[in-house]
1. Testing B:V102 on (1) within 14 Å of chain A (Cβ to nearest Cβ); (2) under 30 Å from B:T248 (Cα atoms); (3) open to solvent by 20 Å² or more (accessible area, probe 1.4 Å), one condition comes back false. Which one is that?
2. Can you pull out every residue in segment A:165-192 that is within 14 Å of another protein chain (Cβ to nearest Cβ) and either closer than 19 Å to A:L100 by Cβ or more than 23 Å from the chain's Cα centre (by Cα) (or both)?
3. Mind listing whichever residues of segment B:37-76 are closer than 16 Å to B:G88 by Cα and outside any loop (DSSP other than H, G, I, E, B)?
4. Quick check, is A:S145 touching a helix residue (DSSP H, G or I) at 6+ places or on another chain (Cβ under 6 Å) and either among the polar types (S, T, N, Q) or more than 30 Å from A:F74 (Cβ to Cβ) (or both)?
5. I'm told B:L233 meets every condition in (1) within 22 Å of B:G96 (Cα to Cα); (2) part of a helix (DSSP H, G or I); (3) touching a Gly at 6+ places or on another chain (Cβ under 9 Å); (4) open to solvent by 10 Å² or more (accessible area, probe 1.4 Å) except one. Can you identify the failing condition by its number?
6. Being more than 14 Å from chain A (Cβ to nearest Cβ), under 11 Å from B:V162 (Cα atoms) and open to solvent by less than 20 Å² (accessible area, probe 1.4 Å) narrows it down to one of B:G141, B:G107, B:G115, so name that one.
7. Which of the following residues is within 30 Å of B:Y244 (Cα to Cα), in a helix (DSSP H, G or I), open to solvent by 20 Å² or more (accessible area, probe 1.4 Å) and in contact (Cβ under 8 Å) with a residue 24 or more places away in the chain: A:L102, A:L96, A:L185?
8. Select from segment B:256-285 the residues that are of a type in the set (V, I, T), facing chain A (nearest Cβ under 8 Å) and within 14 Å of B:A221 (Cα to Cα) and list them in ascending order.
Amino acid sequence: MNTLYLAKRVVIAFLSLFIVSSLVFGMTMALPGSAAEIILGTQQTEESVQQVREEMGLNRPLHVRYLDFVVGTFTLDWGQSLVSDQPVVDLIAPRLARTLQLALFAMLLSIVIAIPLGVIAAADRDTIVDTLITSVSYVGVSIPSFVSASLLLLFLTTPPLDLFPTGGFVPFSEGFVPWLRHLILPAVSLNVIIFAYVLRQTRSSMIETLESDYIRTARLKGLTERSVLAKHALRNGLLPTVTVLAINFGWMMGSVVIVEEIFSYPGMGRLIVQAISERDLPVIQAGILVPTAAFIFANLLADIVYTYLDPRIQLGEQ
Amino acid sequence: MMATEDTTSTFGGIEIPDIVRRLLTNRKVAISLAVLIPIVIVTALGETIAPHDSLTTDVANRYAGPGGTYPLGTDNLGRDLLSRVIVGGQSSLLLGFGATGVSLALGVPIGLIAGYAKGRIDEVLMRLMDIVMSVPVLLLGVLILVALPSNIFNVIVAVGAVFIPRIARVTRSATLSVSEEPYVLAAKARGESTTHILFKEILPNVTAPIIIEGSIRVGYAILVGTSLSFLGLGTGPPHADWGYMIATARLHIYQTPWFLLWPSLALLVTIMSTNVLGDGLRDVLDPRATEDNL
C-alpha cells in the first residue's frame, strides 16, 4: 500500500513540476523590456534589435519556445544565458550547490537548537522558562530576513564587535573556519523566522503528545519523567516537525533571494536578482524553477520520511 | 458565534455581546490591539501628524542622531526619520490589509466551492492550490512582479495571490465540516441557488477560521511585501515604504545606525502585533485549532 501511495506522490511531484514550468514560462513572457534592447543600450536601431533577437532565438514561434522550455526542465537544458553566452545549467549548478550549503546549514541550526528548546518549553509548560522561550519565538517569527540580516551586519561586522566578514563565500576546500565564518551570518538571518516557527510547532505538538493517554499510562507505570519524554513522547511529538521542516525549506528557497543579495553570497538568489535586472530570460526562468523543484522534492522526501517514522500511518489506504 | 440574550454583559450601561467581551479580556488580543490601533491611526494621519515634511531635505543635518529638531534623527539626505517612518507606514499597512483582502476575495470562494462540491472539483481545485503553494512564497512574488510593472497596486495583487491557497485551504476544511449540517440540507431541499447556499448559509458559519487565518496573513503580507520592495520590486521613492527605507538605510549603516533601526523597529512591532492578534483570536474563537504555517 505504501508503495502505491509513494508512486502516486512521485507522479504528482512531476506533474507539479510540469505545471509550474508552464506557469513560469507564461509569466516571464510578459516581462517588460527585452534583453535585446538592454544589451544594445543606446546603440540600438530597429535592425540591430532584430538581429540580436534572431541570434537569441527570441524570434521563434511561442509554442516552439514553450516546448523547448518544458522539455528543458526535465533534461536540465535551458539553453544559453542571453548575457554571458554560457549554458544556463553551467551558471546554475555551482550556485545551487552554494545555496544548498547555506540552506542545509541553516536547517541544521534550527534542528539542533530550535527542536530541543521546543521540547524544553513543552516539558516545562507555563513556567518562566516556557514563557521566555515562547516570547523569543514571537519576536523571531516577526522579523523579515532583510531586517535580521541588516541588523546582524550593523552589530556584528562593525566595531566594537567586528566578528564576521560582511559577505562573500569561501569554499570548504580552503578551510573549515573561513568557510564557516562566511556562512554563519547569512544562515542565521535565513533562519530566524524558521527557527522560531520550528520551535513553536515542536512545542505545541509536544504538549499535545504529553497530554495523550499513552503518555499518562507510561507515567502511571512509574517511569521517570525523563524516560517518558525520551522514550515515548519524542518520536510521536516530533512527527509534525518533519513536515514543518519541509515547508521551511521552501520558505528558505525564496528568502535566499534577499539574504544572498545582502551578504553578496554567490548563490541562486543573487543569480535571480541579477538576471532580473539584465532581463536574462532563460536564467530567470530556470532560476525560479530550480528552487521550486528543490522544494517539491523536499516535500516528497518529507512524505517518505513521515511514512517510515510513523508505522501507524498507512496513507495509501484511504 | 451567535450572541443570545443571556450571553451579554454591560459596561457602563452599554450592552456588550459576549464574544466581544471574551475577545477583549483575552490578554493577547487586548495587548496587540492596544499596540496596533495607535499604529494604524498614526500612519493613517500620515503627513498631517508628521512633525516635518517627509520629503524636505536638510543637507546641513544629514545623519543626525535622535533629539533636537528631528526627534528620531535624519537620513542620508537630512530628511526627518520620524516623519518618513510615519508616512512610509502607509504603504506598508495598505499592503498588509490590501493583500489580505485580495487573498480573501479569491481564496474564500475557491474554498467554499471546493468544500461544498467535493469530489472531482474539490480534488482539482486543491491540487491546483498545492501546486501554487509549491512555488516558494518570495519567488512567486518576484515572478509576478517581474511580469507586472512595479506599483503599489501590483504589489498588493502579487502578495495577495501568494496567499490565496492558504485561505482557500482553511475555508475548504471549514466548509467540509458544515456542508452536511441540517440548515445546509434544508436550503438545498428548498431549492435555493448554489450561490445562496455558499454565501448565505455556509459562509456565515465558517467565519471564525477565516478571520483567524486572515489576521495571521496580514503580518505575513507585510513581511513579504516589504521584502519585495527591499529588492526594489515594490513601491519606490520618494514615498518609500519601510522595506525600501531599510534597503537604503543598509547602505548608510556606517554613518548612522538610527536610519536602519527605526523602520526596522516599526516593521517588527507591527508584524509582531498582528501575529499575536491572530494567536489571541484563535485562542478565543477556535481553541482546538493548531499552528499556522508559513
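1. All conditions are met except number (1).
2. Within segment A:165-192, A:G167, A:L185, A:S189, A:L190, A:N191 qualify.
3. The answer is B:P38, B:I39, B:V40, B:I41, B:V42, B:T43, B:A44, B:L45, B:G46, B:E47, B:T48, B:T74.
4. Against the criterion (touching a helix residue (DSSP H, G or I) at 6+ places or on another chain (Cβ under 6 Å) and either among the polar types (S, T, N, Q) or more than 30 Å from A:F74 (Cβ to Cβ) (or both)), A:S145 qualifies.
5. For B:L233, the failing item is (2).
6. B:G107
7. Going through A:L102, A:L96, A:L185 in turn, the sole match is A:L96.
8. The one that is of a type in the set (V, I, T), facing chain A (nearest Cβ under 8 Å) and within 14 Å of B:A221 (Cα to Cα): B:I271.
The values are calculated or read from the model by the stated rules, or taken from the named source; none is laboratory data. Just so we're clear, the structure is a prediction, and the values are computed from it rather than from any experiment. Cβ sites come from the backbone with ideal geometry, for glycine too, and all protein chains shown count toward neighbours. These accessible areas exclude ligands, DNA and RNA; they are computed on the full protein's heavy atoms, side chains included. Shrake-Rupley method; radii C 1.70, N 1.55, O 1.52, S 1.80 Å.
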